[in-house]
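Scroll down for the structure; my scribbles are underneath it.
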Amino acid sequence: MNILLKSAKIVCPENKELHLKKRDILVKNGKIEKVAASIEAPANTKLVNLKNLHVSVGWFDSGVSFGEPGFEERETIANGLRVAASSGFTDILLYPSSHPVPDTSSDVVFLKERGLGKPTNLHPMGALTKNSEGVDLAELFDMKNAGAVAFSDFKKQVSNPNLLKIALLYAQNFDGLVFSFPQDGSIKGTGVAHEGEVSTTLGLKGIPALAEELQVARDLFILEYTGGKLHIPTISSAGSVKLIANAKKKGLDVTCSVAIHNLFFSDEELKGFDTHFKVSPPLRSKADSKALIKGLKDGTIDLVTSDHVPIDIEHKRVEFDNALDGSLGLESAFGSLNQLLGTEETIALLTKGRNRFGIEDASFTEGARANITLFNPDETYTFGPKHILSTSKNSMFLGAELKGKVYGTINNDQIIIHE
């Protein structure tokens with residue numbers, strides 16, 4: 001397929017020659033053929049000429065959940081990857097959140113095969129422990145050889161410190177990356193919301209920031225002892241930012257991410273008992289959100305993630321205490337982040353992080369594989385049901401004022417565009 005993007009403003013801070021320049025971009029047979037001020041369209045070429053068209057290298061998300069296998073009513077892999085492409089993401093890491101849990105090499109092969117030929121590249125994670133039960137390590141080496149890019153027990157703490165120690169030591173033999181979810185379950189208990197003034201007023205059981213910070217401190221202490229590579233996903237408290245900043249000063253090989261909704265919202269949103277806002281880790285105070293944004297700006301926090309978790313209506317339209325944790329995030333990721341941080345900083349965050357997981361970087365170099373996101377950063381709108389493309393509809397961003405429209409993506413010799 002031949003595609004010609006006309007008058008596209010390129011947002012690519014690492015390429016000073018092209019950054020914020022308007023260029024025509026010719027894509028031929030899945031590769032960037034030419035980037036120039038003006039290009040005549042060859043025969044049999046799809047012409048793309050969109051309002052205020054901006055482009056960047058394709059976006060990357062380090063933490064996405066679907067449903068398949070086991071929870072197809074929430075989301076299938078095929079539709080989930082199409083949602084990701086329509087939301088601007090050309091590469092996603094898929095959490096091991098399905099049933100059965102992918103804890104063997106054959107499970108990883110199944111997921112990779114389900115992602116073949118899709119407009120967004122699927123990079124599966126394998127479970128860290130068998131059935132994510134936190135007792136015995138899963139087949140980490142075999143899963144790595146099958147294509148797993150990291151190992152995680154989705155939204156579950158590694159409660160046994162010796163197990164984390166062994167995982168970090170063992171994974172060094174094959175350059176494996178270990179995830180450790182930052183929440184101590186014994187301190188969380190039956191909590192459902194951030195422990196603070198709002199939860200106290202509403203009568204909701206609280207989850208103190210201590211539950212996260214104790215786990216982070218323990219994991220960093222073990223990492224310092226063992227060496228290896230650790231990733232801490234979706235931190236949510238100011239204390240965690242400080243702990244990770246200190247660990248990086250020591251030279252520990254640790255990275256972390258933050259969910260975009262923890263930047264955009266605070267626990268003030270819980271006053272209506274809307275279960276769309278029930279997530280794990282919970283929405284915390286405005287002071288925590290400010291500390292997280294500061295941590296992003298100074299480089300302590302490495303990545304942002306949509307933390308996209310589809311949940312069917314039967315598990316959300318219940319009392320707050322009984323609702324499952326999770327919110328959609330792919331469709332609202334760009335508009336919310338762009339509203340908060342501005343376009344250049346948003347694109348820098350959405351395009352970084354592939355290297356940490358051994359994934360090839362994208363570029364605008366002529367001859368490179370076309371891995372491109374198309375967007376208009378200036379359009380403002382109220383996020384509503386029509387913007388949700390996922391099978392499940394559990395988005396906390398419904399009614400939020402966002403800025404920036406995604407047109408689509410070019411990847412794997414496919415173009416996904418909606419105007």
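The values are calculated or read from the model by the stated rules, or taken from the named source; none is laboratory data. Computed from a predicted model, the values in this text were never measured in an experiment. Cβ: placed from backbone, ideal geometry, glycine included. Neighbour counts: every protein chain shown. Each accessible area value is taken on the protein alone, full model and side chains, heavy atoms only, with ligands, DNA and RNA left out. Shrake-Rupley method; radii C 1.70, N 1.55, O 1.52, S 1.80 Å.
Take the conditions in a loop (DSSP other than H, G, I, E, B) and among the hydrophobic types (A, V, I, L, M, F, W, C) and apply them to residue 178. Does it pass? Break it down stepwise before answering.
On the way: in a loop (DSSP other than H, G, I, E, B): no; among the hydrophobic types (A, V, I, L, M, F, W, C): yes.
Here the answer is no, as residue 178 does not meet what is asked.
Count, please, the residues in the stretch 346-364 that happen to be of a type outside the set (Lys, Arg) and open to solvent by 60 Å² or more (accessible area, probe 1.4 Å). So that I can check it myself, show each step before the final result.
Initial filter on the stretch 346-364 (of a type outside the set (Lys, Arg)): 346-351, 353, 355, 357-364.
Remaining after also requiring open to solvent by 60 Å² or more (accessible area, probe 1.4 Å): 355, 358, 360-361.
Matching residues across the stretch 346-364 total 4.
Within the set of pairs 6+ apart or on separate chains, which have a first residue in the stretch 22-44 that is farther than 17 Å from residue 369 by Cα, a second that is not in a strand (DSSP E or B), and C-beta atoms under 8 Å apart?
22/37; 23/37
Do the conditions hold for residue 169, that is, is it in contact (Cβ under 8 Å) with a residue 24 or more places away in the chain, open to solvent by less than 50 Å² (accessible area, probe 1.4 Å) and more than 17 Å from residue 243 (Cα to Cα)? Explain how you work it out, then say what you get.
On the way: in contact (Cβ under 8 Å) with a residue 24 or more places away in the chain: yes; open to solvent by less than 50 Å² (accessible area, probe 1.4 Å): no; more than 17 Å from residue 243 (Cα to Cα): yes.
Judged against the criteria, residue 169 is not a match.
Using the structure shown, decide if residue 286 is of a type in the set (D, E, K, R) and open to solvent by 30 Å² or more (accessible area, probe 1.4 Å).
Numbers: of a type in the set (D, E, K, R): yes; open to solvent by 30 Å² or more (accessible area, probe 1.4 Å): yes.
Taking the combined requirement at face value, the residue satisfies it.
From the set of residues in the stretch 17-55 that are in a strand (DSSP E or B) and of a type in the set (Val, Ile, Thr), which is surrounded by the fewest Cβ atoms within 10 Å (Cβ to Cβ)?
Once the filter is applied, the top-ranked residue is 45.
Across the stretch 119-148, what is the total count of residues that are in a loop (DSSP other than H, G, I, E, B) and either buried (at least 22 other Cβ atoms within 10 Å of the Cβ) or of a type in the set (Asp, Glu) (or both)? Can you show your working first?
Narrowing the stretch 119-148 to residues in a loop (DSSP other than H, G, I, E, B): 119-120, 125, 127-128, 133-136, 138-139, 147-148.
Among the residues that remain, those that are also either buried (at least 22 other Cβ atoms within 10 Å of the Cβ) or of a type in the set (Asp, Glu) (or both) are: 120, 125, 127-128, 133, 136, 138-139, 148.
Counting residues in the stretch 119-148 that are in a loop (DSSP other than H, G, I, E, B) and either buried (at least 22 other Cβ atoms within 10 Å of the Cβ) or of a type in the set (Asp, Glu) (or both) gives 9.
Restricting the stretch 365-419 to residues that are assigned to a loop (DSSP other than H, G, I, E, B) and without any contact (Cβ under 8 Å) to a residue 40 or more places away in the chain, which is least open to solvent (accessible area, probe 1.4 Å)? Talk me through it step by step, then tell me what you get.
If we filter the stretch 365-419 for residues that are assigned to a loop (DSSP other than H, G, I, E, B), which is where we start, we get 365-368, 370-371, 383-384, 388-400, 412-413, 418-419.
Checking the rest, the ones that are also without any contact (Cβ under 8 Å) to a residue 40 or more places away in the chain come to 384, 399.
Working: 384: 12, 399: 52 Å².
This residue is 384.
Which of the residues belonging to the stretch 78-103 are more than 29 Å from residue 129 (Cβ to Cβ) and part of a loop (DSSP other than H, G, I, E, B)?
If the condition is that a residue be more than 29 Å from residue 129 (Cβ to Cβ) and part of a loop (DSSP other than H, G, I, E, B), then 87, 88 are the ones that fit.
In the stretch 211-235, how many are over 17 Å from residue 162 (Cα atoms) and either open to solvent by 10 Å² or more (accessible area, probe 1.4 Å) or in contact with a Leu (Cβ under 7 Å, 6 or more places away or on another chain) (or both)?
Let us first name the residues in the stretch 211-235 that are over 17 Å from residue 162 (Cα atoms), namely 211-213, 231-235.
If we keep only those that are either open to solvent by 10 Å² or more (accessible area, probe 1.4 Å) or in contact with a Leu (Cβ under 7 Å, 6 or more places away or on another chain) (or both) too, we end up with 213, 231.
Qualifying residue count, the stretch 211-235: 2.
Scan 291, 247 and give me the residue that is open to solvent by less than 40 Å² (accessible area, probe 1.4 Å) and touching a strand residue (DSSP E or B) at 6+ places or on another chain (Cβ under 7 Å).
Values: 291 fails: touching a strand residue (DSSP E or B) at 6+ places or on another chain (Cβ under 7 Å).
Selected residue: 247, the only one of 291, 247 that is open to solvent by less than 40 Å² (accessible area, probe 1.4 Å) and touching a strand residue (DSSP E or B) at 6+ places or on another chain (Cβ under 7 Å).
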